[in-house]
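The values are calculated or read from the model by the stated rules, or taken from the named source; none is laboratory data. These figures come from a predicted structure and were not determined experimentally. So basically every Cβ, Gly included, is an ideal-geometry build from the backbone, and we count neighbours across all protein chains shown. To get the accessible areas, we keep the full protein, side chains included, count just its heavy atoms, and leave off ligands, DNA and RNA. Shrake-Rupley method; radii C 1.70, N 1.55, O 1.52, S 1.80 Å.
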Amino acid sequence: MADEEEIHSSETLKPSFPTGRVKKIVKFDKDITRITSEALFLVSGATELFLHFLTEKSAEIAVEKKRKNIKVDYLRLAVKRHQPTRDFLLDSLPMPSSQPLDEPPADRTVKRKSVLPPNTRRIDSFFCKPPQNDDLRNEGEDPDVDDEEET
């Protein structure tokens with residue numbers, strides 16, 4: 001009966017992360033040359049539980065802020081609130097953004113027009129056609145005819 005429970009439990013426990021990818025990440029440590037499949041399974045399971053914990057705590061903060069999405073700032077706050085996690089992970093997280101958490105991000109698609117100093121031109125003006133004078137447009141016409149019409 002105990003053997004049946006072991007077989008049943010081993011079938012249902014399968015890590016969510018690809019074991020090959022986890023193995024590559026573990027091998028980044030120069031001290032580790034080989035890892036057994038059991039150790040790899042435990043590392044994958046521990047990583048999964050840790051990420052689940054961080055996600056839950058970050059989601060709680062998002063609910064506190066009345067938001068639906070989890071931001072990096074919420075993750076950072078969740079790490080700060082949990083002492084054991086803060087001790088090893090806080091220095092690895094990016095610095096908080098300069099915007100307050102409750103403000104929407106600034107619209108970056110709108111370009112601001114720069115104010116030019118007096119007596120300067122933008123470089124775009126060099127590539128545009130100069131405005132045509134009335135004299136150049138009326139070149140083919142007889143200038144005396146225009147004078148007669150005005151009098």
### Message
Please report the accessible area of S37 (heavy atoms, 1.4 Å probe, ligands and nucleic acids excluded) in Å², nearest 10.
### Response
80 Å²
#### Entry: Net +/- balance of residues flanking F53 in space, Cβ distance below 14 Å, scoring K and R +1, D and E -1
0
### Task
Scan around R67 for amide H atoms under 5 Å from its own, H built in the peptide plane at 1.01 Å from N, and keep only partners 5 or more places away or cross-chain.
none
### Message
Could you sort the peptides 63-75, 20-32 by per-residue average Cβ neighbour count (10 Å cutoff), highest mean leading?
### Response
63-75, 20-32
